[in-house]
Amino acid sequence: MELSTGVIAEHLRRGGTSVVLRLEDTELPCLLYWGTDLGDVETGPILEATARPVGDSVVYANPVVALLPRHSSGWLGRPGLVGSRAGRSWSVSFDAVTHDVTEACTPGWPDGAPGAVRVRSTGTDAVNGLVVTTELELHASGLLRLRAGVRNTGPDGYEVVSLLPALPVGEQANELLDMTGRHSRERTPQRRPFDQGSWVREAWGGRPGHDSATMLCAGESGFGFRRGRVWGVHLAWSGNQVLTAERSPSGWRLLRGGELLLPGERVLAHDEEYWSPWLVASWGEGLDELSSRVHRFLRARPQHPRSARPVLLNVWEAVYFDHDLPHLLDLAEKAAAVGVERYVLDDGWFRGRRDDTAGLGDWYVDDGVWPDGLAPLTDRVHELGMQFGLWFEPEMVSLDSDLAREHPEWLFGTGRGPGVPSRQQHVLDLGHPGAFDHVLERMSELVARYGVDFVKWDHNRPLVDAGHQPTGVPGVHVQTLATYRLMDALKSRFPGLEIESCCGGGGRIDLGVMERCDRVWVSDNIDAHERQRMQRWTSLLLPPELLGTHVGSARDHTTGRSLDLDFRAGTAVWGHLGVEWDLSAVSDTDLDELAEWVAVHKSLRDLLHTGDVVRADPTDPAVQVEGVVAADRSEAAYRVAVVEHPLTDPPGRITLPGLDPGRTYRVELVAPSDGAVSPADAPAWVKGVELGGRVLEEVGLVCPRLAVDTLVLLRVTAVRRSAGR
Ligand code: DGJ
């Protein structure tokens, strides 16, 4: 549909979501409404209902704020497009804007996801020689995506300083929620009022970072998992980035996001264009609904991992750099015996890598440590019926490596050498074709030779002073795209190869990298007490099958906290399960218990990896309840974890959200199997009970008197339709 005159309202409806846009012929779309499905309504009156009186100044009133807010229209916040031709052409206005609404999106996923509708609007600015485009998509899941592009039609170079699309949210959004953290303490939620001004979350390290906002949400005061209207945005991009929440004196509340460009990083030649990464946006009546749209969107992708997620063993915290073949083989035997399906050899296998000071970039098996190559290990792993995974850090280089000695020009730098080290390492500039080809060829050779099924792709140094030598021009944008190309090339050379996005733990968790990765390493911290929080909040963006969750040692290597195996394993089963523990030093009793937990995971994994994720809003934060409910609500599983000493004794009731209110369910305690709750501490229902879905969500069940850092898993099965319905 081509519209060129007048002002109209376009109503998009998908997945329980309505989006109403104001379209006119000299402005990019303005979002008037985004939220619950309005039904088949007449849209014209919505234009009238939402038209803002302007008094004597459009500058104060901002009657129309487009998806790319324009300074020239009177918007006094950050403009959507900031750029210039050495000081000229910095204020954009449009001679004409055309809007194209299509059912089918551009070919190739994720652009061609079935069932989506897209509004592509193109504004031409002849005075400044620019063509500016926005693309807004509403997907079958009810998820929104927005991006913007700018093309330089002028004769000389146009520098894009920032391109930051904006999505207005409802005026009831009074509170902001996002995440922060640090290495080994990722995804810690933080809240604040949505006051006037801007709340800005930037990432300048060439990756979202351990402190990544991940999702920036704005909602009704006190919104929780199950209550309160809330909107949220995430940037599908693995490089420098910014998310902002901006509230103007004229009453607009915007959620925005885009790439942070370094000075001079994107100067467009004639006819060249730049696109911002996708800003992925969702809403819900509570965070569960918001998050379920993202999960459904991800699960609809053709590349989404659908095969049973293999339980893995990662040897890092078992051996670190101490690669001793008999020990590694013993781990393989023990792992296979407890039900592990994939064995991952971590850092330390390549030339010169005896510790973290040397070797990165020299992707050849160290023949001092591995005189017969990796085959003695990989052959046995395969004989035991397990897949084999191998650790790489493809974008990194140690100064003490043949690679750095032979090609110092392949390291990033801005004229004063390679800059500050971090973990004794530097970043390899994949923008040099030679560097890119070297890494691709080395990885390909090893993947082919050893039948590698899985690459753990690490990234332990932020991009600081990331200048492309010899000029020193910024290279983060190119590096981000080159990393994507490297992953894509490997995946196309080795169909079925899986990749884990690890970044010293959870420093690169975003939907850009997840277009080519099959799971993320949530955090280097595998202390189950900490993981309860980190996994819960990471799952706001990613469903459980994409979260790497491991059972670690009894005494955690990061925090020094000691926890029972039931709690460690019961925490790790709620994701893509792994083991990262020196099984050769574990008692037979513990190995048997671990095997039981692996079996519990396998019995639950189909449900866990396809069901809707739900979390109860805690009345006491000491007691955390989360669950997965099958799409047809015929079954569910819940985990009840006590993570602090509860305020009351007994701890009060828990509710099981997300079930069918019209069905009766049988609730059974399935793990731990050894009576984690003593008879004196167990409510009557733990022996098994039948209750309606509505009763389980509204009335709830008394929580067992669990000790701190213990948990129980419940299996819930529909037995019949409830009477009276
Ligand atoms: C950081 C990762 O997050 C760890 O799991 C491990 O792979 C080390 N790097 C290896 O150097």
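The values are calculated or read from the model by the stated rules, or taken from the named source; none is laboratory data. These numbers come from a predicted model, not from an experiment. All Cβ positions, even for glycine, are placed from backbone atoms using ideal geometry, and neighbour counts span all protein chains on display.
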### Query
If a residue has to be free of Cβ contacts under 8 Å to residues at least 60 places away in the same chain and either among the hydrophobic types (A, V, I, L, M, F, W, C) or out of contact with any strand residue (DSSP E or B) (no Cβ under 7 Å at 6 or more places or on another chain) (or both) to count, how many in the range 33-51 make the cut?
11
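Would you check if there is a residue in the range 198-219 being over 30 Å from residue 422 (Cα atoms), assigned to a strand (DSSP E or B) and not small (Gly, Ala, Ser)?
Applying the first criterion (over 30 Å from residue 422 (Cα atoms)) to the range 198-219 yields 198, 217-219.
Still in the running and assigned to a strand (DSSP E or B): 198, 217-219.
Remaining after also requiring not small (Gly, Ala, Ser): 217.
Taking every residue of the range 198-219 in turn, at least one turns out to be over 30 Å from residue 422 (Cα atoms), assigned to a strand (DSSP E or B) and not small (Gly, Ala, Ser).
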### Query
Any chance the range 420-440 includes a residue that's within 16 Å of the ligand (Cβ to nearest atom), assigned to a strand (DSSP E or B) and over 27 Å from the mean Cα position of the chain (by Cα)?
no
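Considering the range 205-235 alone, what residues qualify as being of a type in the set (Lys, Arg) and surrounded by 24 or more Cβ atoms within 10 Å (Cβ to Cβ)?
Result: 207, single match.
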### Answer from 126, 96, 86, 66 - the residue that is modelled with pLDDT of 95 or more and either among the acidic types (Asp, Glu) or on the phi > 0 side of the Ramachandran plot (or both)
86
### Query
Right, residue 112: more than 21 Å from the chain's Cα centre (by Cα) and either surrounded by fewer than 23 Cβ atoms within 10 Å (Cβ to Cβ) or modelled with pLDDT of 95 or more (or both) or not?
no
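Within the range 228-249, track down each residue that is touching a helix residue (DSSP H, G or I) at 6+ places or on another chain (Cβ under 6 Å) and farther than 27 Å from residue 467 by Cβ.
Going through the range 228-249, the residues touching a helix residue (DSSP H, G or I) at 6+ places or on another chain (Cβ under 6 Å) turn out to be 230, 232, 238-240.
Answer for the range 228-249, where residues must be touching a helix residue (DSSP H, G or I) at 6+ places or on another chain (Cβ under 6 Å) and farther than 27 Å from residue 467 by Cβ: 230, 232.
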### Query
residue 387 versus (1) closer than 22 Å to residue 503 by Cβ; (2) of a type in the set (S, T, N, Q); (3) in contact with a strand residue (DSSP E or B) (Cβ under 8 Å, 6 or more places away or on another chain): which is the lone unmet condition?
(1)
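Inspect all residues belonging to the range 446-453 and state whether any of them is over 30 Å from residue 382 (Cβ atoms) and among the basic types (Lys, Arg). Steps first, answer last, please.
Applying the first criterion (over 30 Å from residue 382 (Cβ atoms)) to the range 446-453 yields none.
Scanning the range 446-453, I find no residue that is over 30 Å from residue 382 (Cβ atoms) and among the basic types (Lys, Arg), so the answer is no.
Name the residues in the range 355-368 that are within 16 Å of the ligand (Cβ to nearest atom) and in contact with a Gly (Cβ under 8 Å, 6 or more places away or on another chain), would you?
Of all residues in the range 355-368, those within 16 Å of the ligand (Cβ to nearest atom) come to 355-363, 366.
Matches in the range 355-368: 358, 359, 362, 366.
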### Query
Are any residues in the range 441-464 within 10 Å of residue 206 (Cα to Cα), surrounded by 18 or more Cβ atoms within 10 Å (Cβ to Cβ) and more than 16 Å from the ligand (Cβ to nearest atom), and if so, which ones?
463
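Condition check: surrounded by fewer than 23 Cβ atoms within 10 Å (Cβ to Cβ) and touching a Lys or Arg at 6+ places or on another chain (Cβ under 9 Å). Does residue 202 satisfy that? Talk me through it step by step, then tell me what you get.
Working: surrounded by fewer than 23 Cβ atoms within 10 Å (Cβ to Cβ): yes; touching a Lys or Arg at 6+ places or on another chain (Cβ under 9 Å): no.
The answer is no for residue 202.
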### Task
Report those strands (runs of 3 or more DSSP E) wholly inside the range 267-354 carrying at least 3 residues which are within 16 Å of the ligand (Cβ to nearest atom), under 30 Å from residue 398 (Cα atoms) and in contact with a Gly (Cβ under 6 Å, 6 or more places away or on another chain).
none
### Query
In the range 668-725, what count of residues is obtained for those that are over 23 Å from residue 649 (Cα atoms), of a type outside the set (D, E, K, R) and assigned to a strand (DSSP E or B)?
7
### Message
Restricting to the range 324-351, give me the number of residues that are within 22 Å of residue 605 (Cα to Cα), surrounded by fewer than 20 Cβ atoms within 10 Å (Cβ to Cβ) and among the aliphatic types (A, V, I, L, M).
### Response
2
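Tell me, yes or no, whether the range 369-389 has at least one residue that is part of a strand (DSSP E or B), within 15 Å of the ligand (Cβ to nearest atom) and touching a residue at least 12 places away in the same chain (Cβ under 8 Å).
Within the range 369-389, one or more residues are part of a strand (DSSP E or B), within 15 Å of the ligand (Cβ to nearest atom) and touching a residue at least 12 places away in the same chain (Cβ under 8 Å).
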### Task
Pick out the one residue from 161, 117, 169 that is surrounded by fewer than 23 Cβ atoms within 10 Å (Cβ to Cβ) and modelled with pLDDT of 95 or more.
161
### Task
Consider only pairs whose beta carbons are under 9 Å apart and that are at least six residues apart or on different chains; among these, list those whose first residue lies in the range 87-111 and is farther than 13 Å from residue 122 by Cα and whose second residue is at pLDDT below 60 and of a type in the set (D, E, K, R).
105/111
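Among the listed residues 623, 614, which satisfies the condition of being under 31 Å from the mean Cα position of the chain (by Cα) and closer than 18 Å to residue 566 by Cα? Please lay out each step first, then the result.
Details: 614 fails: closer than 18 Å to residue 566 by Cα.
So the residue among 623, 614 that is under 31 Å from the mean Cα position of the chain (by Cα) and closer than 18 Å to residue 566 by Cα is 623.
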### Task
Could you grab me the full set of residues in the range 9-55 that are in contact with a helix residue (DSSP H, G or I) (Cβ under 8 Å, 6 or more places away or on another chain) and either assigned to a loop (DSSP other than H, G, I, E, B) or over 24 Å from residue 173 (Cα atoms) (or both)?
15, 27, 52, 53, 54, 55
### Query
Would you pick out the residues in the range 399-418 that are out of contact with any Gly (no Cβ under 7 Å at 6 or more places or on another chain) and at positive phi?
417
### Query
What is the one condition in (1) more than 30 Å from residue 266 (Cβ to Cβ); (2) at pLDDT 95 or above; (3) of a type outside the set (S, T, N, Q); (4) surrounded by 13 or more Cβ atoms within 10 Å (Cβ to Cβ) that residue 28 does not satisfy?
(1)
